[in-house]
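Report on the structure given below.
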Amino acid sequence: MEDIRTARCKIRALEPQDIEPMFLWENDPEIWRIGANTAPVSLTRLARFIEEQNYDIYATRQMRLAIEVEGKTIGSVDIIDFDPQHLRFGIGILIYDKSDRGKGYAQEVIEAMKIYGLNTLNVKQIWAEIDDFNTASITLFERCGFERCGVRKAWVQYGGEFFDVYEYQIILR
């Protein structure tokens, strides 16, 4: 897969050097709250994941890409549930370090993934699910043209409390 570039970011396939930052992300309970993990992930498992990453999105229906800025891996973007029949996929993005957030990197990446989805994967739409407490992501996706199209009431639980999940989508063509 050829790298996808923005003004400041390189969006690329996972490489062995990504294991260290991924180990931090995957084992951070604060990130578990917005992801699917509920237990620590080993270095061995992450190394295997990187090594076995298959970039045939038509076969796997998903893909994780690293976000790199000035040679440093600052996060990742996931394409999930790619559906070539209905021409859509879901997107998730992580900029891990708080010092890298709020600088517009995530917006650049989402805009690049919209172009990638339209021009390379020929999709009509992209969707995202965002927990109602994640106001930064809500603002980001709305700034990128995504519209709230639904809500799943009391859908996720953290610390004994339930939260809604908002569904967002953008129609590209």
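The values are calculated or read from the model by the stated rules, or taken from the named source; none is laboratory data. Note that the structure is a prediction, hence the values are computed from the model and not measured. Cβ: placed from backbone, ideal geometry, glycine included. Neighbour counts: every protein chain shown. What goes into the accessible areas is simple: the full protein's heavy atoms, side chains included, and nothing from ligands, DNA or RNA. Shrake-Rupley method; radii C 1.70, N 1.55, O 1.52, S 1.80 Å.
Using Cβ point charges alone (K and R +1, D and E -1), the dipole size of region 115-173 about the Cα centre works out to roughly 320 debye.
Think of region 1-134 as a dipole: +1 on every Lys or Arg Cβ, -1 on every Asp or Glu Cβ, centred on the Cα centre; then among Tyr116, Thr38, Gly90, Tyr116 lies furthest on the positive end. Simple point charges give the picture: +1 on the Cβ of Lys and Arg, -1 on the Cβ of Asp and Glu, and for the chain a dipole about the Cα centre of about 420 debye.
Note that region 54-60 has calculated 3J(HN,Hα) couplings of 9, 8, 8, 4, 6, 8, 8 Hz, one per residue in order, obtained from phi through the Karplus relation 6.51 cos²θ - 1.76 cosθ + 1.60 (θ = phi - 60°); glycine and proline are x. Strictly over 19 Å apart at the Cα level, which of Lys72/Lys103; Lys103/Lys124; Lys72/Lys98; Lys10/Lys103; Lys10/Lys124 would you flag in this model? Violating the 19 Å Cα-Cα cut-off are Lys103/Lys124; Lys10/Lys124. If both residues of a DSSP beta bridge must be in the chain, then about 90% of such bridges are antiparallel. Before rounding to the nearest 500, sum -39500 (n - 2.57) across all DSSP H runs of length at least 4 in the chain and divide by the residue total; then give [θ] at 222 nm in deg cm²/dmol. That comes out to -8000 deg cm²/dmol. Here the Karplus curve 6.51 cos²θ - 1.76 cosθ + 1.60, taken at θ = phi - 60°, turns the phi angles of region 5-10 into couplings of 10, 10, 4, 10, 10, 10 Hz, with x standing for Gly and Pro.
For the set Lys10, Lys153, Lys103, solvent exposure ranked by accessible area (probe 1.4 Å, protein chains only) runs largest to smallest as Lys153, Lys103, Lys10.
Cα centroid separation, region 123-173 to region 14-46: 22 Å.
The value of relative contact order for the chain, using C-alpha pairs under 8 Å at least six residues apart, is 17 percent. Put a plus charge on the Cβ of each Lys and Arg, a minus charge on the Cβ of each Asp and Glu, and nothing anywhere else: the dipole of region 13-108 about its Cα centre is then about 280 debye.
Pairwise inverse Cα distances across region 2-84, averaged and inverted, put the Kirkwood hydrodynamic radius at 13.7 Å. Springs between Cα atoms under 10 Å define the GNM used for the chain, and in it the highest mean-square fluctuation of Tyr58, Tyr105, Tyr158 occurs at Tyr158.
Rank Ala128, Ala39, Ala47 by mean-square fluctuation in a GNM of the chain with C-alpha springs under 10 angstrom and give only the top-ranked residue. Between Ala128, Ala39, Ala47, it is Ala39 that shows the largest mean-square fluctuation. In the elastic network of the chain, a GNM with C-alpha springs shorter than 10 Å, the most mobile of Ala66, Ala136, Ala106 is Ala136.
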